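S.K.: The structure follows.
The values are calculated or read from the model by the stated rules, or taken from the named source; none is laboratory data. Just so it is clear, the model here is predicted, and its values are computed rather than measured. Counting neighbours? That spans all protein chains shown, and the Cβs are built from the backbone with ideal geometry, glycine included.
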Amino acid sequence: MSDSKERFVTLLQGAMLILNVLCVAFICVLIYVTTGKILANYDAREFLNSISSFPESPKETLIICMGFMGVLILTFLVRHLWREIPNKWNVATLILDMFVCSAVIFLLNFNYKGLLLLVFASVIAYVKDGKMKLAFVAMAIAGYLVADYELLSIYMRLYNISDYIQYYSYDTQQYLFSIYNILISLNMILFIVYCVYVINVQRGTIEEVNRLYHELQIANEQLQEYADVTEHMAQTKERNRLAREIHDTLGHTLTGIVTGLDACLALVDVSPEQTRKQLALLSKAGREGIQDIRRSVNELRPDSLERLSLEVAIRKMVTDMSRVSDVRIHFKTEEKHLKFDEDEENAIYRVVQESITNAVRHGKAKEIWITLERIEGEMLLTIHDNGIGCKEMKSGFGTKHMKERIEMLRGTVTFDGQHQGFTVTAHIPIRWGESYD
C-alpha cells in the first residue's frame, strides 16, 4: 500500500476513533448530568417508576468508560507510530481492543455498539493471516449481532438512553436525539467508506467481505424476526398475567364488600350499632382492596405477599373475609416453613383467593375449609366449601386462570361440584425453600 493510501486509511481510522469517543462520552455525560438534574429537582421517584433499570453509579461509569477509550487511543497510536511492530503484537492489541469495546458496550447497557465497527475496521487493515482475519471478523460480527439492545432487553433489565433524553423538554429532546443519531450515522458512514476504500486497495478480500456482509444481513433479519416473535409472546404472557391479577384482586374485594353489605341490610333494623361497625369494616376492606389492586397493576404481586409470609398473608385474607361476611373460613397446615419462590407463592395465594370468592359469590357457602400439606415432594392445596355445588361445570374466567397459574408451575388442578359443596384440589411440584428471608 502506498504512503498516500496508508495515510488516508489512518485518517479514516482516526476519524472513526474520535467519533466513537464522542459518542461514548455523549451517552455517559448525558446520563450523569441528567441523573444530577433528577436528584436536584426531586424527580427521582417519578423517574424510577417510568424506567426498567438505571446505572448504579453514573459517575463511575463515565470515568471507567473514558479510561477504556483512552486505552483504545493508546493501542491506535502504538499500531500507527510503531510501523515495524510484529504481527503478533498487532493481534495482541486487537484482542485488547475487542475486550475494551465489549466492556464499554456492557457498561452502557448495549445502548451503543458502534465500537465493534472500529474493531472490525482495524482487523481488516492489520491482520494479515487469512484464517485469523476470518476468525476476528466472525467474532466482531457475532458481537455486533448479540449486542442488540432490543433483543437483550427482553431477557435483561437494561436502562435506555431514550428514557434520559425524554426527561427534558420537547425542544431539548430534539437537539439531543439529533446529536445522538448524527454521531451514530457518521460512524456508520465512515465505516462504509473505510471498508469500500480498503477493499478496493486489497482486492483479494472483496469476495470474502461480500459473503460475510450477505450472511450478516440474513442473520440480522433472522434475529430480528426471532426478537419480534419473542417480544409478542412476552407481551401476550404479561397481558394475560395482568388480567388474572386484576380479576383475582377485584373479584375477591367486591365479593367481600357485597357479602358484608347483605349482612348490613339484615342488621340495620335490629342493631344499628352493629351495622355501623360492619360498615366500618367494609370501608377498611374496600380501601385495602384498592391498595392491593394498585399494587397488582404496578408490580403484579399481592400487597400482602410483599409485606408478609405466605402463611400469614393467607390467614389475613381468611380473617378479613370472615369479618366482613357471615362465612366461617378455616385454614390448616402442618408445614412449619411455608417459604417458596415468588411465582409459587403468587399462584397459591391467588388460587386460595379465587376459590374463596367463588364459594361466597356463586356457591352461597357458609363455611370453607382450606388445607395445605406436603405429599411426596409436592404441595397439595385443597379448598372445600358447603355451598350449593355445581353439577355442570362451566369454565369461567376465574377457573380458567387458576388452571393457567398451576399449569405454569407444571402442576394440576381439578374441580368437583358433584358432591356436597364444591372442592378445588391443586397438586403443585414445589422447589422448597429452607428458611424465611
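S.K.: Going through segment 10-27 one residue at a time, which ones are under 15 Å from R79 (Cα atoms) and of a type in the set (G, A, S)?
M.R.: Matches in segment 10-27: G14 only.
S.K.: Taking the stated definitions as given, is A359 among the small types (G, A, S) and either in a helix (DSSP H, G or I) or at pLDDT below 85 (or both)?
M.R.: yes
S.K.: So for segment 96-105 (the condition being more than 17 Å from L158 (Cβ to Cβ), surrounded by fewer than 16 Cβ atoms within 10 Å (Cβ to Cβ) and under 30 Å from the mean Cα position of the chain (by Cα)), does at least one residue qualify?
M.R.: Here is the first cut: in segment 96-105, the ones more than 17 Å from L158 (Cβ to Cβ) are 96-101.
If we keep only those that are surrounded by fewer than 16 Cβ atoms within 10 Å (Cβ to Cβ) too, we end up with 96, 99.
From what is left, the residues that are under 30 Å from the mean Cα position of the chain (by Cα) are 99.
Checking segment 96-105: at least one residue is more than 17 Å from L158 (Cβ to Cβ), surrounded by fewer than 16 Cβ atoms within 10 Å (Cβ to Cβ) and under 30 Å from the mean Cα position of the chain (by Cα).
S.K.: Here is a further query. Here are some residues: F76, F68, F8. Which one is in the same structural domain as Q166 (by TED's automatic domain parsing), of a type outside the set (D, E), surrounded by 15 or more Cβ atoms within 10 Å (Cβ to Cβ) and at pLDDT below 85?
M.R.: On the way: F76 fails: at pLDDT below 85; F68 fails: at pLDDT below 85.
Residue meeting the stated conditions: F8.
S.K.: Are any residues in segment 364-382 among the small types (G, A, S) and at pLDDT below 85, and if so, which ones?
M.R.: Of segment 364-382, the ones among the small types (G, A, S) are 365, 377.
Scanning segment 364-382 gives a single hit, G377.
S.K.: Now a separate question. Quick one: V413 ticks every box in (1) in a loop (DSSP other than H, G, I, E, B); (2) in contact (Cβ under 8 Å) with a residue 60 or more places away in the chain bar one, so which box is it?
M.R.: (1)
S.K.: From the list V24, V100, V78, pick out the single residue that is more than 24 Å from Y126 (Cα to Cα) and among the β-branched types (V, I, T).
M.R.: Criteria check complete, one pass: V24.
S.K.: Working only within segment 319-349, note down all residues that are under 30 Å from K277 (Cβ atoms), crowded, with 19+ Cβ neighbours inside 10 Å and modelled with pLDDT of 80 or more.
M.R.: Passing the criteria: D320, M321, V327, I329, Y349.
S.K.: What residue, of E215, E238, E208, is in a helix (DSSP H, G or I), within 30 Å of E404 (Cα to Cα) and either of a type in the set (D, E) or at pLDDT 75 or above (or both)?
M.R.: Answer to the check: E238.
S.K.: How about segment 86-105: which of its residues are closer than 15 Å to N20 by Cα and of a type in the set (S, T, Y)? I'd like the intermediate steps shown before the answer.
M.R.: Of all residues in segment 86-105, those closer than 15 Å to N20 by Cα come to 97-98, 100-105.
Within segment 86-105, just S102 meets the criteria.
S.K.: Taking the condition within 37 Å of the chain's Cα centre (by Cα) and either assigned by TED's automatic domain parsing to the domain that holds V196 or in a helix (DSSP H, G or I) (or both), does K37 pass?
M.R.: Yes: the conditions hold for K37.
S.K.: Under 7 Å between Cβ atoms, at least 6 apart or on separate chains: pull out the pairs that start in segment 99-116 with a residue that is among the hydroxyl-bearing types (S, T, Y) and end on any residue that is part of a helix (DSSP H, G or I) and surrounded by fewer than 19 Cβ atoms within 10 Å (Cβ to Cβ).
M.R.: The qualifying pairs are S102/G143.
S.K.: Answer with yes or no whether V229 is modelled with pLDDT of 75 or more, surrounded by fewer than 12 Cβ atoms within 10 Å (Cβ to Cβ), outside the structural domain of L117 (by TED's automatic domain parsing) and of a type in the set (V, I, T).
M.R.: Values: modelled with pLDDT of 75 or more: no; surrounded by fewer than 12 Cβ atoms within 10 Å (Cβ to Cβ): yes; outside the structural domain of L117 (by TED's automatic domain parsing): yes; of a type in the set (V, I, T): yes.
Taking the combined requirement at face value, the residue does not satisfy it.
S.K.: May I ask you to verify whether L134 is more than 27 Å from Q13 (Cα to Cα), modelled with pLDDT under 80 and surrounded by 14 or more Cβ atoms within 10 Å (Cβ to Cβ)?
M.R.: no
S.K.: What number goes with the only condition from (1) at pLDDT 85 or above; (2) in a loop (DSSP other than H, G, I, E, B) that S435 does not pass?
M.R.: Just one mismatch for S435, condition (1).
S.K.: Could you give every pair whose Cβ atoms fall below 7 Å, whose first residue belongs to segment 24-49 and is touching a residue at least 12 places away in the same chain (Cβ under 8 Å) and over 13 Å from T61 (Cβ atoms), and whose second residue is outside any helix (DSSP H, G or I) and aromatic (F, W, Y), counting only separations of at least 6 or pairs across chains?
M.R.: From residues that are touching a residue at least 12 places away in the same chain (Cβ under 8 Å) and over 13 Å from T61 (Cβ atoms), the pairs are I38/Y167; F47/Y167.
S.K.: Testing Q278 on (1) surrounded by fewer than 18 Cβ atoms within 10 Å (Cβ to Cβ); (2) modelled with pLDDT of 75 or more; (3) part of a helix (DSSP H, G or I), one condition comes back false. Which one is that?
M.R.: (1)
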